[in-house]
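Here is the structure we will look at, set down as structure tokens.
The values are calculated or read from the model by the stated rules, or taken from the named source; none is laboratory data. This structure is a prediction, so every number in the text was calculated from the model and none was measured. Counting neighbours? That spans all protein chains shown, and the Cβs are built from the backbone with ideal geometry, glycine included.
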Amino acid sequence: MAERFIQPNDIIAEIEEARLINLIPDGSGSYSTPKLQLACTYANGQAEAYVGTRYDLPIALPYAAALKHHTIVLAVYWIHSQSDQVTDALTSRWKETIRWFEKVANGGISLGAEPPEPTTAPDFEEVTQEFSTTNMRTL
């Protein structure tokens, strides 16, 4: 099951309503459009690709707000790119977000739920036993 860091309504809270109306008009007054769903799918997938390299998914995080914020930035950037309305500010935020996800993936930023430590080989006690004709007869 794909990780769902954000939902369409999360994007609405992040960007100006009037701007979204121009980008994804559907005439219904609802913003749960297929374009928003697709933006969430792409953003969640991209976020999952980064986070999944370091953490087992799904994850329960104490710092989910940062993860949610950065995933929304990915979705907002995607929506604007589909309408050729990417600004320098959006590009800058997107680049910062990608750097943030890269740091999460390489362990530079902790999400508060550290990945499990790799298991070490079990300790075995070395046992020496001599095998001889006499020893084998007593077994």
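Looking at segment 114-125, is at least one residue outside any helix (DSSP H, G or I), of a type in the set (A, V, I, L, M, F, W, C), farther than 25 Å from Leu36 by Cβ and modelled with pLDDT of 85 or more? No, segment 114-125 has no match at all. When segment 49-103 is limited to residues that are part of a loop (DSSP other than H, G, I, E, B) and of a type in the set (A, V, I, L, M, F, W, C), the one that is surrounded by the fewest Cβ atoms within 10 Å (Cβ to Cβ) turns out to be Ala60.
Restricting attention to segment 87-113, the residues that are hydrophobic (A, V, I, L, M, F, W, C) and modelled with pLDDT under 85 total 2.
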